[in-house]
């Protein structure tokens, strides 16, 4: 990725550390999923020690999952990795540096779903017990796998950090306050019409704290009242499984029918993980104007301005959500350029005929160009 120039990992470490408010004597667990993220990890660990915190690094390299998927029993796969869970119980703060390695996993999709259940237990502990952040780090391997230019991917990723996050938080917060009075959000295009009641739920800005790249607003829809259909055309990956042309139908809050041109067995394995996995735990709207290229990676694509996403499973309690699940599966829908694509909050258009409207533009994360 030399064409994109060197990454200032020190600057990124400062942003991440500030986002989770690392201070003296904080116990900080740091996970790294691949050696390609080690420079980011090293800069962050150095910043932790500089602030008087105590960081501990655990390799959770995703290559080790291949052996587990080959040899472990289903019962073993469904258990939380004990050292990872212990790390969450020890930590005040957790940060995971997740390198974008090749998206393809050669394993039975049902076994991958079982593995995700075990990882989900760790994620739940992270949400409930720590101040946390996930940092998605682009790599040439991912770019090659999904047909993107590696330098362009890195350049866009770096730009997504360059914002006045204090000002962004204020603008996004203003839109959240407006949306707090909303009763129903509707996602509509030629493929479907999904109604998500949000009355008496709260919207929260994610603006330089929990995820990097960051930039979204989110709420927890009323778990029992989501109805309609939604389609996610095209290709994306989750847990190394390729999913194409996913379609979901909801009745009284639950997914009652699902279809996909590829990855259907995996989808059904996730949906059947536990009682909460077929319900919507999150509704999110991307606000980062620096991100424009779909990557197939949900943690990045959900921040793109002009996209909307739902997450099946665990809800954000700070939004008033009560749905519990080991699963939290974000699925991104790109409404940009769709002639019939719209996102409305009651009578207010946020996206109309594939074009982002002014209320959402006013809340967008603007880059500083630094």
Might you let me know whether region 235-250 holds any residue that is outside any strand (DSSP E or B) and out of contact with any helix residue (DSSP H, G or I) (no Cβ under 8 Å at 6 or more places or on another chain)?
no
Going through (1) surrounded by fewer than 24 Cβ atoms within 10 Å (Cβ to Cβ); (2) outside any strand (DSSP E or B); (3) modelled with pLDDT of 95 or more one by one, residue 344 fails only at (2)
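Suppose the filter is outside the structural domain of residue 197 (by TED's automatic domain parsing), within 14 Å of residue 214 (Cα to Cα) and in contact with a helix residue (DSSP H, G or I) (Cβ under 9 Å, 6 or more places away or on another chain); does residue 292 pass it?
Here the answer is no, as residue 292 does not meet what is asked.
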Practice prompt. Could you check, for region 192-199, whether at least one of its residues is closer than 27 Å to residue 126 by Cβ and in contact (Cβ under 8 Å) with a residue 12 or more places away in the chain?
Written response: yes
Screening 249, 223, 258 for residues that are in contact (Cβ under 8 Å) with a residue 60 or more places away in the chain and over 19 Å from the mean Cα position of the chain (by Cα) leaves only 223
Considering region 189-212, residues that are modelled with pLDDT under 95 and assigned to a loop (DSSP other than H, G, I, E, B), and then whichever is farthest from the chain's Cα centre (by Cα), we arrive at 190
When every residue in region 64-86 that is closer than 30 Å to residue 154 by Cα and crowded, with 18+ Cβ neighbours inside 10 Å is compared, the one modelled with the highest pLDDT is 84
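The values are calculated or read from the model by the stated rules, or taken from the named source; none is laboratory data. Every value quoted in this text rests on a predicted model; they were computed, and no experiment measured them. We place every Cβ from the backbone using ideal geometry, glycine too, and count neighbours over all the protein chains shown.
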